[in-house]
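The values are calculated or read from the model by the stated rules, or taken from the named source; none is laboratory data. No experiment lies behind these values; they were computed from the predicted model shown. Neighbour counts are summed over all protein chains in view; Cβ atoms, including those assigned to glycine, are modelled from backbone coordinates with ideal geometry. Please note that ligands, DNA and RNA were not included when accessible areas were found on the heavy atoms of the full protein model with its side chains. Shrake-Rupley method; radii C 1.70, N 1.55, O 1.52, S 1.80 Å.
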Amino acid sequence: MTLTAHQEAASAVDVLARWSQEPLEFRADMEHIEDDEADVAIAIGRIMRSIAEAVLEDEGKAERGVHAKSHGIVIGELRVHEGLPPSLAQGLFARPATYPVVMRLSTIPGDVLDDRVSVPRGIGIKVIGVDGARLPGSEDDLTQDFLMVDAPTFGLATPRDFLQGLKGLAATTDTVPMLKRGLSTFLRGAEKTLEAMGLESSLLRTLGGHPLTHILGETFYTQLPLLYGRHVAKLSLVPVSEHLLALKGLPLDSFVASGSPNPIREAVIDHFEHHGGRWELRVQLCTSLQSMPIEDGSVTWPEPESPYVTVATLDAGVQDVWSSGRVAQVDLGMAFSPWRGLAAHRPLGALNRVRKSAYGASARYRAQANGQVLREPRSRHDLPA
């Protein structure tokens, strides 16, 4: 069922009314820079560079230091809802508008693996034609990037934890693919055992224990906080249309049986050959620094204290999500970064700060090694069909 603008606004107000506290207004002293943060950021950049260099040597092509494998390029429209309450009508969402978007579906590692090595999934969303005061380094752009993963929390508390996790990914980058597939099968079994006990392990999922399910049934999260105008927030992208909801938790056994190394991509291609999709973009505003910390990426912000509220709808129609034009222009010729966008949505916290230089250096290395120029779209006309 499609809601009217009045119903959308009423729904947001109704959810806000259930808050136990008012959203906090951001203050500079909410962020805390550690003494070794710059050194850790340099080390993270080096690890991502080493991953890209190893992949370049093996495959003859430089890939992203993380989220190397793409599973589909989806083009759609983001419609910001009318009548949002003042606390939600901030930044990109300050007024009703419709923007073209391009979405890149991916998996986390920095090398291109058989999908049977089942790891967490990500989505990069690039909103196009966005005006306003910009973040440093993206002053000439008209895009807003949101990077999301299919888990509500980053799973790691600090930049040093992130560095150790990257070292684990780097250690497996040049591993024999068959060994990785066997390890992933083992880890999925371990993850199921933990789930049966009411537990789960983000580390197991990162290393290869993620359930081998349909990516289009997943809900994605920014995991780490960002400015939301005057406030602090996390965002999520939630499938809501009938055909997407039917894919939630759907095993990819039928695709895996074919022997293809790309069952996730094949599933995405097959879906968009026959169906479109609708998602809601939702916002969770910070109401307490004790239960919703900015500087600890391992904490899931409690939804009973501050629920996710819908601020926009994202629609995509039937399309070819793996055309040669899209692969060349988006998968190879674009970069996604949480630091490309409006100043009103500046990423917050140490984990986001150390990602800034690392992501930028990774994109520059990839472009240089592949002899490409990375370009940002400025309108829908800049996107392939």
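The E305 and R364 beta-carbon pair, evaluated with R₀ = 35 Å, returns a calculated FRET efficiency of approximately 0.30. Only one residue of M292, H271, A335 has its Cα farthest out toward the positive end of the dipole of the stretch 252-385, where Lys and Arg carry +1 and Asp and Glu -1 on Cβ, and that residue is A335.
The candidates R230, R265, arranged from most to least accessible area with a 1.4 Å probe in the full protein assembly, appear as R230, R265. Separation of the stretch 226-251 from the stretch 25-64 is 26 Å, based on Cα centroids. The magnitude of the dipole of the stretch 303-385, with charges of +1 and -1 set on the Cβ of Lys/Arg and Asp/Glu and taken from the Cα centre, is near 540 debye.
The label point for A133 and the one for A343, both projected 7 Å from the Cα toward the Cβ, are 0.3 nm apart. Expressed as a whole number of Å, what is the distance separating the alpha-carbon centroids of the stretch 252-306 and the stretch 317-385? Their Cα centres are 19 Å away from one another. For the stretch 90-107, 3J(HN,Hα) computed residue by residue from phi via the Karplus equation (6.51, -1.76, 1.60; θ = phi - 60°) reads 10, x, 4, 9, 5, 8, x, 6, 10, 10, x, 9, 10, 10, 10, 8, 8, 10 Hz, glycine and proline entered as x. Solvent exposure of the stretch 321-379, expressed per residue, is 38 Å² of accessible area, with all protein chains present and a 1.4 angstrom probe.
Computed packing ranks the peptides 214-225, 243-254, 134-145 as 214-225, 134-145, 243-254, most packed first, by mean other Cβ atoms within 10 Å. With all protein chains in place and a 1.4 Å probe, the accessible surface of the stretch 235-373 carries 54 percent carbon and sulfur.
Counted residue by residue at 0.36 nm each, then reduced by the alpha carbon distance between them, the extension gain from Q21 to I33 reaches 1.6 nm.
Calculated FRET efficiency, V318 to A94, Cβ-Cβ distance, R0 = 35 Å: about 0.65 to the nearest 0.05.
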